[in-house]
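*Asks:* Sharing a structure here in structure tokens format.
The values are calculated or read from the model by the stated rules, or taken from the named source; none is laboratory data. None of the values given here were measured: they were computed from a predicted structure. Using ideal geometry, Cβ is built from the backbone for each residue, glycine included, and neighbour counts are taken over all protein chains shown. Surface areas here come from the heavy atoms of the whole protein model, side chains and all, with no ligands, DNA or RNA. Shrake-Rupley method; radii C 1.70, N 1.55, O 1.52, S 1.80 Å.
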Amino acid sequence: MNRQSASRGREGAGTADAIRIGLAIPLQGPGGIFGPSCEAIAELCRRQTNQSGVLGRPIEFEVIDAGRRPDEVARDVRSLIDAGRINALTGWHISSIREAVAPITQGRIPYVYTSLYEGGESRAGVFCAGETPADQIGPALAWLRDEMGLRRWHIVGSNYVWPVRSARAASAYARALGLRVLSTSFSRFDTQDFGTILDTIEHGTRADGVLMFLVGQDAVRFNRAFARRGLDESLIRLTPLMEENMLLASGPEAVRDLYVAAGYFRSLPTGHSLDFVGDYAAAFGPEAPPLNNQGESCYEGITLLTSLFAAAQDTSLEAVLRVSEGMGYDGPRGAMELRSGHLKQTIYLAKADVTDFDVVTSL
């Protein structure tokens, strides 16, 4: 696709009366693998929205590289708001970025955080479109216990906000379900070597599965190293974050018995999802970046913002907050409803199948 079209407005040119939305997505680092999909899907949403506009106005994006340090991203967001260059902020990025930018947007502009995250966000004007451990991890552990008899787990994650807090929540769910967490290991974000963690898994107390809280290239490297040791022959893997780019990058030999709990998969056999896949293919063709959860979440973020603006008949944070509770819409994930700042959605459990995911059940 044409990167310039997805980044429209980055240099300050654009339609004078446009509603300008900051699109904070990773263009580098471990999460950079998601950037092209996020931009492509945001561009599809822009084209569809601008067929009729929002409040009689088009939307345009200011793309912000959220693959940098949180303080750098926060500085850019502050500058854009101060200059009046964005009316709202959305995008997929890690929780460390959300923690840095939410205090800046609070009280000023609406901010839709689209990534799955650890839960607990309650700041007024911060709306969460992604999944939480309560949606994904607890129900998935229960299903794997009941259907496959899995009771003993290792937890692996990167050492930052989302994995650490999600691992803590997962341990609580495990205790409530009568399961055992045998070890919890964290590595630095963007690590190259999982040897020590794999030693713990391989030589420690025998487990049934590994629960992964790893992002992008970190998960890819872990999957490859995990399979090279032959651990995939005896251990199930479960993760709330694994999409089509990561699946392809891991390789078919490294994704045996890998399960994912998420709100969206490209392979979802629902009417809304099939229409979305068709629209994406028609817009960008077979060479487009893979359609995935992270990119699709940006679609949800933009759709939520434009739905809020339409309901409020205004783009101001004050007007949006007056209409936000209980507002809903239908999208690629199905029926969505905003409750206490979070979109309520159906969560699915899927199994990796070389290049795609087979949806097993809803949770």
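*Asks:* Can you name every residue in segment 21-35 that is surrounded by 24 or more Cβ atoms within 10 Å (Cβ to Cβ) and either of a type in the set (S, T, N, Q) or modelled with pLDDT of 95 or more (or both)?
*Replies:* Matches in segment 21-35: Ile21, Gly22, Leu23, Ala24, Ile25, Pro26.
*Asks:* Can I ask one more? Checking Ser171 against (1) open to solvent by 10 Å² or more (accessible area, probe 1.4 Å); (2) in contact with a Gly (Cβ under 6 Å, 6 or more places away or on another chain); (3) not β-branched (Val, Ile, Thr); (4) not in a loop (DSSP other than H, G, I, E, B), which test does it fail?
*Replies:* Here Ser171 clears every test but (2).
*Asks:* Among the residues of segment 285-311, what is the count of those that are open to solvent by 10 Å² or more (accessible area, probe 1.4 Å) and modelled with pLDDT under 95?
*Replies:* 7
*Asks:* A follow-up question, please. Just for strands (runs of 3 or more DSSP E) wholly inside segment 296-363: which have at least 3 residues that are within 21 Å of Leu55 (Cβ to Cβ)?
*Replies:* 328-331
*Asks:* Taking the residues in segment 192-207 that are hydrophobic (A, V, I, L, M, F, W, C) and part of a loop (DSSP other than H, G, I, E, B) as candidates, determine which candidate is nearest to Val156 (Cα to Cα).
*Replies:* Top of the filtered list is Phe194.
*Asks:* Looking at Tyr259, Tyr264 in this structure, which one is open to solvent by less than 10 Å² (accessible area, probe 1.4 Å), at pLDDT 90 or above and not basic (Lys, Arg)?
*Replies:* On the way: Tyr259 fails: open to solvent by less than 10 Å² (accessible area, probe 1.4 Å).
Sole residue among the options that is open to solvent by less than 10 Å² (accessible area, probe 1.4 Å), at pLDDT 90 or above and not basic (Lys, Arg): Tyr264.
*Asks:* Which residues, counting only those in segment 117-137, are closer than 20 Å to Gly157 by Cα and open to solvent by less than 10 Å² (accessible area, probe 1.4 Å)?
*Replies:* Tyr117, Gly130, Glu131, Pro133, Gln136, Ile137
*Asks:* Restricted to segment 267-284, and to residues that are open to solvent by less than 70 Å² (accessible area, probe 1.4 Å) and hydrophobic (A, V, I, L, M, F, W, C), which residue is modelled with the lowest pLDDT?
*Replies:* Among those residues, the one meeting the criterion is Leu268.
*Asks:* May I pose another question? Kindly indicate the residue of segment 334-360 that is under 19 Å from Glu121 (Cα atoms) and of a type in the set (Gly, Ala, Ser) and also most open to solvent (accessible area, probe 1.4 Å) among those meeting that condition.
*Replies:* Only one residue fits best here, namely Ser340.
*Asks:* Say we look at segment 152-168 and pick out the residues that are of a type in the set (A, V, I, L, M) and open to solvent by less than 10 Å² (accessible area, probe 1.4 Å); which of these is farthest from Arg69 (Cα to Cα)?
*Replies:* Result: Ile155.
*Asks:* Going by the conditions given, is Val156 among the β-branched types (Val, Ile, Thr) and either within 28 Å of Ala225 (Cα to Cα) or within 15 Å of the chain's Cα centre (by Cα) (or both)?
*Replies:* Answer is yes for this residue.
*Asks:* Here's a follow-up. Just the residues that are charged (D, E, K, R) and open to solvent by 70 Å² or more (accessible area, probe 1.4 Å), please, taken from segment 174-201.
*Replies:* Arg175, Arg180, Arg188, Asp193
*Asks:* Given the structure, is Ile109 more than 29 Å from Arg168 (Cα to Cα) and open to solvent by 10 Å² or more (accessible area, probe 1.4 Å)?
*Replies:* Yes; evaluated as a whole, the condition is true for this residue.
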